[in-house]
Structures are given as structure tokens and as C-alpha cells.
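All remarks here apply to the structure that follows.
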Amino acid sequence: MSDQNTYPAQSRPILLSVGRGILCKCPNCGVGKLFSGFLSQNARCQHCNEPLGRYDAGLLTALLVGLVIVLIFAGAFLVIELAGGTSPLYYLVILLPISVAASLLVMRPCKGGLIGLLWALRANDRLER
Ligand SMILES: [Zn+2]
């Protein structure tokens with residue numbers, strides 16, 4: 001069940017695959033859903049039958065999201081403290097929930113983008129040889 005949106009095995013454009021992954025779509029066809037739950041990955045694309053379960057981003061998603069969020073919010077804390085500081089309650093009530101919400105918001109597109117990158121680079125195909 002392949003159409004003109006799918007790519008032959010030789011050419012897998014990286015930017016398009018990552019973009020489709022960020023949109024939580026199959027990196028091959030751009031139509032099928034990449035996830036069946038919040039972060040649970042479909043084993044195969046329901047549209048083009050691409051074996052998506054072979055490309056597992058694993059803990060790299062959480063590592064990247066955690067690193068980026070920590071850098072952003074540590075910078076915000078530093079700027080606030082250098083500007084004279086504020087109540088520790090401000091950090092606890094305002095910035096901590098925002099950082100958790102931001103992490104959850106970017107987790108799914110980040111995992112999708114990583115899966116798209118792994119698919120484009122055939123990362124798991126090389127391991128199975
Ligand atoms: Zn597909």
C-alpha cells in the first residue's frame with residue numbers, strides 16, 4: 001500500500017523525515033500515525049506498513065528534553081536572581097509547573113523527530129546486519 005508520498009529504500013530525506021516525525025506522522029509516508037498513545041510507538045505504519053517499531057529513540061528523548069528544559073529554566077532562574085531575585089515561592093509555584101508542562105509539551109514532537117532522524121539515517125538497519 002504505497003503511494004507517491006513514500007520513498008524508495010535508497011533515498012530518505014533527513015529534514016522531511018524529521019519534520020514528519022515532529023508532526024507525529026510516519027516519516028515514510030507522512031500520513032500514518034507514529035504514536036498509538038502519548039509516547040507509545042506504533043509497530044507499523046497503518047498507511048504504508050513501514051516497520052516503525054524498529055526505530056526506537058529510547059531514553060535519548062528524555063535526555064534531550066531534560067537538557068534543553070534545564071538550560072532554558074536555569075537561564076531564567078539566573079536572570080531573575082541577577083536582576084535582584086524574587087521569593088523562592090515564585091520558583092516553586094510559577095516556574096516549576098511551567099517547566100514540567102513545557103517538558104511534557106515538547107516530549108512527543110521531540111521523540112517523533114528523533115524517530116524520523118533514525119529512520120532517515122537507517123540507524124537500526126545498520127545494527128541488524
Ligand atoms: Zn507510513
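Inside region 72-117, residues that are of a type in the set (D, E, K, R) and under 30 Å from Val18 (Cβ atoms) make up a count of 2. Spot the failing condition for Ser36; the list is (1) of a type in the set (Gly, Ala, Ser); (2) within 16 Å of the ligand (Cβ to nearest atom); (3) closer than 19 Å to Leu117 by Cβ, and only one is missed. Status for Ser36: all satisfied but (3).
Taking the listed residues Val65, Val100, Val31, the one that is closer than 23 Å to Ser11 by Cα, surrounded by 11 or more Cβ atoms within 10 Å (Cβ to Cβ) and β-branched (Val, Ile, Thr) is Val31, with no other qualifying. Taken over region 43-73, residues that are farther than 15 Å from Leu114 by Cβ and within 14 Å of the ligand (Cβ to nearest atom) amount to 9. Scanning region 44-65 for residues that are touching a residue at least 40 places away in the same chain (Cβ under 8 Å), in contact with a strand residue (DSSP E or B) (Cβ under 9 Å, 6 or more places away or on another chain) and not small (Gly, Ala, Ser) yields a count of 4. Checked against the criterion of being among the hydroxyl-bearing types (Ser, Thr, Tyr) and within 23 Å of the chain's Cα centre (by Cα), region 59-67 contains one or more residues that satisfy it.
Residues of region 12-28 that are surrounded by 15 or more Cβ atoms within 10 Å (Cβ to Cβ) and β-branched (Val, Ile, Thr): Val18, Ile22. Would you check which residues across region 46-73 are of a type in the set (A, V, I, L, M) and assigned to a helix (DSSP H, G or I) and list them? Passing the criteria: Leu52, Leu60, Ala62, Leu63, Leu64, Val65, Leu67, Val68, Ile69, Val70, Leu71, Ile72. For region 45-69, the tally of residues that are touching a helix residue (DSSP H, G or I) at 6+ places or on another chain (Cβ under 8 Å) and more than 16 Å from Ser17 (Cα to Cα) stands at 8.
All conditions but one from (1) part of a loop (DSSP other than H, G, I, E, B); (2) closer than 16 Å to Leu114 by Cα; (3) within 16 Å of the ligand (Cβ to nearest atom) apply to Ser17; the one that does not is (1).
Bear in mind that the values in this text are calculations on the coordinates, not laboratory data. A quick note: this is a predicted structure, and the numbers were derived from the prediction, not measured. Every residue, glycine among them, receives a Cβ derived from its backbone with ideal geometry; neighbour counts consider all protein chains shown.
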